[in-house]
Amino acid sequence: MIRHVSIIGTGSYLPEHIMNNDDLSRLVDTSDEWIRTRTGIGERRISVSMSTSDLAYEAGAAALRNSGLEPEDIDLIICATITPDYFMPSCACMVQDRLGAVNAAAFDLTAACTGMIYGMVTAEQFIKTGMYDNVLVIGAETLSKILDWEDRSTCVLFGDGAGAVVMSGTDRGLKLSATNLESDGSKYELLTCPAIPLDNPCVNTEFIEAETDLNEITGAEMSAQSMIKAAGQSKIRMLGQEVFKYAVRTVTDNIRVLLCKANLDIEDIAYIVPHQANQRIIEQASKTVKIPIDKFFMNLDRYGNTSAASIGIALDELVAGNMLSKGDKVILVGFGGGMTSGAVLLERT
Ligand code: UT7
C-alpha cells in the first residue's frame with residue numbers, strides 16, 4: 001500500500017545581523033532605490049559568527065520541536081546547501097550529531113535554490129516506500145561567504161538563513177499531493193560558483209593555460225577543468241537576465257504541471273510559496289499564469305535570496321502566522337543553479 005507523506009513540523013533560523021540597502025551602498029556603487037525597484041529587497045541577514053551547520057542545526061531543532069518528535073525518532077537527515085562548512089563531513093552529519101539524532105542516516109544534497117524542493121521530494125520517496133518513517137529536511141546557506149562583495153550585480157541579492165521541515169508517513173499535517181522536478185544542465189553556465197580545479201603532480205598545466213589563452217583569442221569552448229581554473233575564486237557568477245527568463249518560465253511551467261497532475265484549477269490554490277529571488281520574477285509569473293499577486297507569499301524584502309533556505313523559511317512563516325486553514329492547498333515552487341526547478345503541492349489536512 002502506498003503511504004501518505006506529510007510535513008508535520010516546520011522551523012527556520014535567521015542570523016541576527018541585518019544589512020540594509022544603505023549599508024550596501026557604502027560598499028558598492030548602488031542605492032536603496034535601485035535594489036528595491038529592481039528586486040523588491042530591502043534588507044538581508046548576514047552571519048557574523050555562525051556557519052551553515054549552525055544555522056541548519058537551529059532550523060532543524062525548531063522543526064523537530066514543532067513536530068512533537070524526539071531526535072531519536074528521526075530516520076534520515078537531508079541537508080540542501082551550496083555553502084557547506086566542509087566538503088566532508090556533510091552538513092547533515094554535523095546536524096545529526098548536535099541534535100542527538102542517533103538513529104538517523106544523513107547526507108547533503110545540491111540543487112542550489114531548488115534544494116528544499118529536491119530535498120522534500122527525495123524524503124517523500126524514502127517514506128512512501130516504507131524505508132523510513134520520519135525525515136528531517138533542511139535548507140541552509142551562508143551565501144555571504146561565496147559573494148563577490150565588489151560585484152554589485154550579485155552581492156545585493158543574497159542573504160544567509162535556514163529553513164527546515166520534518167516529514168512523516170501520515171496524512172495529518174501538510175500532505176504532499178503532487179510533486180515535480182526538472183533540470184537543464186545545458187544552461188549550467190548561467191549561475192556558477194567554482195569548486196577546486198585539478199591540482200596534482202600529473203596535471204598538464206601547459207595544456208590548461210594554452211586552452212585558456214586560445215579561448216581569449218578565439219572564444220573557443222574550454223574544457224571544464226580550464227573553466228574552473230580560469231574562474232578563480234569560489235564566488236557566485238551569474239548571467240542575471242538569462243536567469244530571470246529561466247525563472248519566470250520554470251515557475252509558470254511547474255505551477256501548470258502540478259495543477260495538471262493534481263487535476264486542480266488555480267482558483268483551488270490558497271497560496272504559492274515561490275523561491276524568494278526577485279519580486280519582479282514573481283510579478284511576471286503571476287501575470288503569465290493569471291494568479292493574483294496576493295496569493296504569492298513573499299518575505300524577500302526582509303531576507304533577500306537565501307537560496308536553498310528560502311522556501312523553508314517562507315513556509316515556516318506561513319505556518320507560524322496561522323495563515324493556513326483546513327483544506328487549504330499550497331504550491332511551493334523553486335528554481336536555481338544547475339539549472340534546476342521543481343514544485344510541491346501541499347494540502348492542509
Ligand atoms: O536564485 C536564483 C538567483 N538569481 C536570480 O534570480 C537573478 C535573476 N535576475 C535578476 O533578478 C535581475 O537580472 C538582476 C536583479 C540581477 C538585475 O536586474 P536587471 O534589471 O536585469 O538589470 P541589468 O543586469 O540589465 O542591469 C541594468 C543596469 C546595468 O547598468 P548599465 O549597463 O545599464 O549602465 C548594471 O550595471 O543596472 C546596473 N546594475 C546596478 N546598478 C545599481 C547592476 N546591479 C546594480 C546595482 N546597483 N546593484
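Checked against (1) in contact (Cβ under 8 Å) with a residue 60 or more places away in the chain; (2) surrounded by fewer than 17 Cβ atoms within 10 Å (Cβ to Cβ); (3) outside any helix (DSSP H, G or I), Lys290 meets all criteria but (1). Considering only residues in the stretch 148-168 that are away from the ligand (no atom under 12 Å from the Cβ) and of a type in the set (A, V, I, L, M), the one that is surrounded by the fewest Cβ atoms within 10 Å (Cβ to Cβ) turns out to be Val166.
Yes or no: the stretch 260-271 includes at least one residue that is part of a helix (DSSP H, G or I), among the aliphatic types (A, V, I, L, M) and touching a strand residue (DSSP E or B) at 6+ places or on another chain (Cβ under 7 Å). Walk me through how you get there before you give the answer.
Just the residues of the stretch 260-271 that are part of a helix (DSSP H, G or I), to begin with: 260-262, 266-268.
Those left that are additionally among the aliphatic types (A, V, I, L, M): 262, 266.
Next, from what is left, pick out any that are touching a strand residue (DSSP E or B) at 6+ places or on another chain (Cβ under 7 Å): 262.
Taking every residue of the stretch 260-271 in turn, at least one turns out to be part of a helix (DSSP H, G or I), among the aliphatic types (A, V, I, L, M) and touching a strand residue (DSSP E or B) at 6+ places or on another chain (Cβ under 7 Å).
Please tell me if Glu33 is under 21 Å from Glu317 (Cα atoms), among the charged types (D, E, K, R), assigned by TED's automatic domain parsing to the domain that holds Trp149 and modelled with pLDDT of 95 or more. Working first, answer last.
Values: under 21 Å from Glu317 (Cα atoms): no; among the charged types (D, E, K, R): yes; assigned by TED's automatic domain parsing to the domain that holds Trp149: yes; modelled with pLDDT of 95 or more: yes.
In short, no.
Restricting the stretch 178-193 to residues that are within 30 Å of Val5 (Cα to Cα) and of a type in the set (S, T, N, Q), which is surrounded by the fewest Cβ atoms within 10 Å (Cβ to Cβ)? Walk me through how you get there before you give the answer.
Quick first cut of the stretch 178-193, residues within 30 Å of Val5 (Cα to Cα) only: 178-185.
Next cut, of a type in the set (S, T, N, Q) only: 179-180, 183.
Working: Thr179: 22, Asn180: 20, Ser183: 15.
Looking at the filtered set, the residue picked out is Ser183.
Check whether at least one residue in the stretch 197-218 is within 20 Å of the chain's Cα centre (by Cα) and of a type in the set (S, T, N, Q), and report yes or no. Taking every residue of the stretch 197-218 in turn, none turns out to be within 20 Å of the chain's Cα centre (by Cα) and of a type in the set (S, T, N, Q).
Name the helices (runs of 4 or more DSSP H) wholly within the stretch 1-96 that hold at least 3 residues that are in contact with a Leu (Cβ under 8 Å, 6 or more places away or on another chain)? Talk me through it step by step, then tell me what you get.
Working: elements: 21-25, 32-39, 52-67.
Where helices (runs of 4 or more DSSP H) fall fully within the stretch 1-96 and carry at least 3 residues being in contact with a Leu (Cβ under 8 Å, 6 or more places away or on another chain), they are 52-67.
Summed over the stretch 301-333, the residues that are within 16 Å of the ligand (Cβ to nearest atom), among the small types (Gly, Ala, Ser) and over 24 Å from Met19 (Cβ atoms) give a count of 0. Val48 fulfils the conditions (1) surrounded by fewer than 19 Cβ atoms within 10 Å (Cβ to Cβ); (2) in contact (Cβ under 8 Å) with a residue 60 or more places away in the chain except for a single criterion, (2).
The values are calculated or read from the model by the stated rules, or taken from the named source; none is laboratory data. The structure displayed is predicted, hence computed values, not measured ones. Using ideal geometry, Cβ is built from the backbone for each residue, glycine included, and neighbour counts are taken over all protein chains shown.
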